[in-house]
Amino acid sequence: MNIPSNIITLIAGIALTLISLWYGQNHGLLPMAASEEAHEIDGLFNFMMTIATGLFLLVEGVLVYCVIKFRRRKGDTTDGPPIEGNVPLEIVWTAIPTVIVFILAIYSFEVYNSLGGLDPMSSHDHLAMQEQHQTMGMEEENSHLVAMGEKQIALGLGQSPNSEAGNPLVVKVNGIQYAWIFTYPETGTISGELHVPVNRPVKLEMGAGDVLHAFWLPEFRIKQDVIPGRESLLNFTPTKVGQYPVICAELCGAYHGGMKTTLTVHTEEDYQQWLQDNTFAQTEVDGNVALNQ
């Protein structure tokens, strides 16, 4: 039976689309998602995987077809036809990637913005503040900076720094060669590991004591540079109880590979117990230090 080529092309297109959609959602390349923010990142990644799978199958399929269809036959020593180009085809294979890039750019920008990576209102306030500084004295400028500090552009991801919703748990993070130090301002507890309660927003106020570091939580799909002399923010909401790796993702020295710790997500009851135990231990240590002095 001789099937028309347009029917074969239609069937191949449907099969390619279905395979791409299935693999884009079932690739299994990402670790478990353990935060609210992870789902938006995963959606973008799955969308890119769907497009990449479709393009791979299309390009490789055409190559395999051409290798088989137009292979040199036995005894054929003639030259191939002198084809110099195909303008419509060149326009198509230039236009399609261009459209894909624009779609991905818009989608990724929306995801980045929804995670708090860009706050246009803060940017506007920051520019307006710079204009006002030009007409102010030094002392007045410094006091104005303090008053306007919350409206400056924040380096970080997550909930907008101007938002007070959710009663976030604030933790101070100090990155040094080669460890992470976590301080809980509410209790004064200091730890080499990060402990947080499940389903409560967490706000990390991070700084570096020496060189550039990067705070990376793979299961939370978030990463933020930690810069000497400048505070950076990282906001997230854990959704699954468990223990997750915290990794420095910026080459920070000879022992960069060993700069790891853990983030433990507790139930509310277990977190309060951990906080109580470590606050008591911290008080004992401080008391012993005071006695020795």
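The values are calculated or read from the model by the stated rules, or taken from the named source; none is laboratory data. Since the structure is predicted, the reported quantities are computational estimates derived from the model, not experimental observations. No Cβ is skipped: glycine too gets one built from the backbone with ideal geometry, and neighbour counts run over all protein chains shown.
Within the range 165-193, the residues that satisfy the criterion of being farther than 16 Å from VAL226 by Cα and not β-branched (Val, Ile, Thr) are ALA165, GLY166, ASN167, PRO168, LEU169, TYR184, PRO185, GLU186, GLY188, SER191, GLY192, GLU193. Checking the stated criteria, THR17 turns out not to satisfy the condition of being assigned by TED's automatic domain parsing to the domain that holds GLU110, modelled with pLDDT under 90 and surrounded by 10 or more Cβ atoms within 10 Å (Cβ to Cβ). Inspect all residues belonging to the range 223-237 and state whether any of them is assigned by TED's automatic domain parsing to the domain that holds VAL173, of a type in the set (A, V, I, L, M), closer than 23 Å to ILE41 by Cα and buried (at least 20 other Cβ atoms within 10 Å of the Cβ). Yes, the range 223-237 contains a residue that is assigned by TED's automatic domain parsing to the domain that holds VAL173, of a type in the set (A, V, I, L, M), closer than 23 Å to ILE41 by Cα and buried (at least 20 other Cβ atoms within 10 Å of the Cβ). Given the structure, is ILE100 of a type outside the set (D, E, K, R), touching a residue at least 24 places away in the same chain (Cβ under 8 Å) and on the phi < 0 side of the Ramachandran plot? Against the criterion (of a type outside the set (D, E, K, R), touching a residue at least 24 places away in the same chain (Cβ under 8 Å) and on the phi < 0 side of the Ramachandran plot), ILE100 qualifies. In the range 244-260, the qualifying residues are those that are touching a residue at least 12 places away in the same chain (Cβ under 8 Å) and either outside the structural domain of GLY207 (by TED's automatic domain parsing) or more than 19 Å from the chain's Cα centre (by Cα) (or both), and the one that is nearest to ILE222 (Cα to Cα) is MET259. Picking from residues in the range 200-243 that are in a strand (DSSP E or B) and acidic (Asp, Glu), the one that is farthest from the chain's Cα centre (by Cα) is GLU205.
Scanning the range 1-51 for residues being assigned to a helix (DSSP H, G or I) and either under 25 Å from THR239 (Cα atoms) or in contact (Cβ under 8 Å) with a residue 24 or more places away in the chain (or both) gives a total of 25.
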